1. Against the longest principal axis of the chain, how steep is helix 55-76, in degrees 0 to 90 to the nearest 10, with axes from Cα atoms?
2. Out of (1) 15.3; (2) 13.4; (3) 19.3, which label holds the value of Kirkwood radius over Cα pairs in Å that was computed here?
3. Go through the stretch 1-56 and name the GluC sites (Glu not before Pro) that are in a DSSP coil and have 16 or fewer other Cβ atoms within 10 Å of their Cβ.
4. With a cap of 13 neighbouring Cβ atoms within 10 Å, and only residues DSSP puts in a loop, list the trypsin sites (Lys or Arg not before Pro) found in the stretch 1-68.
5. Could you work out the helix-only [θ] at 222 nm for the chain, with each DSSP H run of four or more residues adding -39,500 (n - 2.57) and the total divided by the number of residues, to the nearest 500 deg cm²/dmol?
6. So what's the angle, to the nearest 10 degrees on a 0 to 90 scale, between helix 20-35 and the longest Cα principal axis of the chain?
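Each value in this text was obtained by applying a stated rule to the coordinates, not by laboratory testing. Here the structure is a predicted model, which means the values were calculated and not measured. Here the Cβ positions follow ideal geometry from the backbone for every residue, glycine too, while neighbour counts run over all protein chains shown.
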Amino acid sequence: MKARFHRLRLCALAPAGVPEGIVMKLNSTIGAIVSEPEMTKRLVAEAAEPVIGTPEAFGKLIVNDIAKHARIAKQAGIRAE
């Protein structure tokens with residue numbers, strides 16, 4: 001079987017229905033913290049790759065990941081119990 005690797009994503013999520021203004025404020029605040037040189041240095045030291053993006057882009061990434069992993073599980077014959 002071919003070895004497969006997956007990146008671990010550490011992220012902040014909020015419940016559905018949180019007002020857009022609050023989501024954007026959280027996104028900008030977390031982005032500012034992650035962008036600080038000392039924080040970036042600490043993350044890189046832990047083999048993390050800091051990525052800052054929009055909530056919309058991350059939402060698309062989640063949808064794509066779900067589809068990809070569902071396809072892999074189906075091909076492998078994995079079923080929920």
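1. 20
2. Correct label, based on the coordinates given: (1).
3. Filter output for the stretch 1-56: GLU46.
4. Counting only loop positions with at most 13 other Cβ atoms within 10 Å, the trypsin sites (Lys or Arg not before Pro) in the stretch 1-68 are LYS2, ARG4, ARG7, ARG9.
5. Helix contribution divided over all residues of the chain: -19000 deg cm²/dmol.
6. 80
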